[in-house]
1. Less than 10 Å Cβ to Cβ from Arg93, Lys/Arg counted +1 and Asp/Glu -1: what total charge do the surrounding residues give?
2. Carbon and sulfur atoms: what percent of the 1.4 Å accessible area of the chain do they account for?
3. Let me know the charge dipole size of the chain about its Cα centre in debye, to the nearest 20, where only the beta-carbon of Lys, Arg (+1) and Asp, Glu (-1) is charged.
4. Per-residue counts of other Cβ atoms within 10 Å, averaged by peptide: what ranking do you get for 20-28, 191-199, 127-135, 39-47, highest first?
5. Largest first, what is the accessible-area ranking of Arg77, Arg123 with a 1.4 Å probe?
6. Post the alpha-carbon centroid distance, segment 100-137 to segment 37-93, in whole angstrom.
7. Most fluctuating residue of Val11, Val49, Val98 in a GNM of the chain with Cα springs under 10 Å: which is it?
8. Note down the magnitude of the dipole of segment 1-84 about its Cα centre, charges +1 on Lys and Arg C-beta and -1 on Asp and Glu C-beta and zero elsewhere, to the nearest 20 debye.
Amino acid sequence: LLQEAKLPKNVQSRLLERSEGNPFYLEEVIRSLIETGVLQRQNGGWALVEGVEQIHIPDTLQGVLLARIDALDEDVRQTLQLASVIGRSFLYRILETVSEANGDLDDHLARLQRADLVREHARLPEREYIFKHALTREVVYDSILSKRKKMLHQKIGEAIEDLYRENIDQYYGVLSEHFIISGNHEKGAEYSMLARKKASKAGSLTDAIEYAKKRVGC
């Protein structure tokens, strides 16, 4: 992150004190300071544009991540939130189908990769991305209003049904999750039952029991 240039000693001390040895926390704080312009390259090193005591550093890693997410442009943040509803990893085709990026989706993903919030996970058999850390996905997901979250789960479930109708049996479990969370209990129960039958046939008793519980919960 610092490209081998050193931080001023007082900044190092403050960050190490706050991070308490958590490298992910330390990394995210440094990214936040660079992205907001508080920490800038000067004369081959790094310098603060304000006093070290004036630096606001959230007390928790979740707080640091949320601050970085809030600093994104609105349209890029919406793409990130939509991706978080799909899951820790997400297929490009699903994201593209439900996105309202209007042709800017690739640009949004490129910016999120530069920010090191998501990474390309695979190109074949189709493009897939993944959140760098599970906690990042969790913080993004929790930042979405409940009503909008339910609507997005419904749209994603419908997109999966449409895109993967020829091998939809591979998505029974995923579909049951999306529709249950969306409040569509009829479809949630239907896919939970199908997922249970598939798990039973494959000899996975644990999965079958879990899907049966979900169906009852609907």
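The values are calculated or read from the model by the stated rules, or taken from the named source; none is laboratory data. Remember, predicted model here, so these are calculated numbers, not experimental data. For neighbour counting, all protein chains shown are included, and Cβ atoms are generated from backbone atoms with ideal geometry for every residue, glycine included. Accessible surface areas use protein heavy atoms only, side chains included; no ligands, DNA or RNA. Shrake-Rupley method; radii C 1.70, N 1.55, O 1.52, S 1.80 Å.
1. -2
2. 48
3. That gives the chain a dipole magnitude of about 620 debye.
4. So the order, starting with the most tightly packed, is 191-199, 127-135, 20-28, 39-47.
5. Ranked list, largest accessible area first: Arg123, Arg77.
6. What the calculation gives is 15 Å, centre to centre.
7. The residue with the greatest mean-square fluctuation here is Val49.
8. Value, rounded to 20: 320 debye.
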